[in-house]
1. Under a 10 Å cutoff between Cα atoms, tell me which one of 153, 11, 141 has the largest fluctuation in the Gaussian network model of the chain.
2. So for the chain: antiparallel DSSP bridges make up what percent, rounded to the nearest 5?
3. Mind checking which of 57, 42, 147 has the largest fluctuation in a GNM of the chain, springs on alpha carbons under 10 Å?
4. Of the peptides 190-196, 104-110, how do they stack up when ordered by the mean number of other Cβ atoms within 10 Å, highest first?
5. Okay, helix-only estimate at 222 nm for the chain: each DSSP H run of n ≥ 4 adds -39500 (n - 2.57), divide by all residues, round to 500 deg cm²/dmol; what do you get?
6. Rounded, prolate or oblate, given the Cα gyration tensor of region 18-79, with a/c below 1.5 counting as rounded?
7. Among 198, 71, what is the fewest-to-most ranking by other Cβ atoms within 10 Å?
8. Using Cα atoms only, what is the angle between the long axis of helix 164-173 and the major principal axis of the chain, expressed in degrees (0 to 90) to the nearest 10?
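Throughout, read-outs are computed from the coordinates displayed, never taken from laboratory work. None of the values given here were measured: they were computed from a predicted structure. Neighbour counts are summed over all protein chains in view; Cβ atoms, including those assigned to glycine, are modelled from backbone coordinates with ideal geometry.
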């Protein structure tokens, strides 16, 4: 493996939160905006920082909408599960001595509340959340924060993610990007250095 550091997105990459995130947003839109949006209508907002989503959807009270969305999300969090092969892959990378980290659009609280991530935190040398960088993905700031925390050479860092925002963040920060095809709907439209069908494919790089 030519990479000394591997960085993971969370939602759609490590954990399948699509249904949890979209249904909870759908409930929030219904409750606060009084209109119906299908899950397909809402998919473009999946993986976007929550504060940015409430702005884009023009909720009248942004803070209230964010709080209600988080409440609905937590009530549905039991629907979120790790993708098959993720834990085994993290363990194998750890045993190889690969330095790992997380760059996510979740807040620190959202990250720490996740029951699955709690079991994996010892794998990650650094975690960068929404409030840890001046600008969110697709800006390079979150990845630059990771590079600063770890002292990693961007040429030897691989960012594994499932969205165009992840790819743009990696590219702007000068790191390689691998598409997590198992969690991406629009993979054919995203340029990547590596296209991964399964989490275990990372071990073959």
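1. Residue with maximal mean-square fluctuation among 153, 11, 141: 153.
2. 10
3. Of the options given, 57 has the highest mean-square fluctuation.
4. Numbers: 190-196: 17.1, 104-110: 19.9.
Descending mean neighbour count gives 104-110, 190-196.
5. The helix contribution divided over the chain gives -11500 deg cm²/dmol.
6. Numbers: a/c = 1.35, a/b = 1.20, b/c = 1.12.
Here region 18-79 falls in the rounded category.
7. 71, 198
8. Once rounded, the angle reads 50 degrees.
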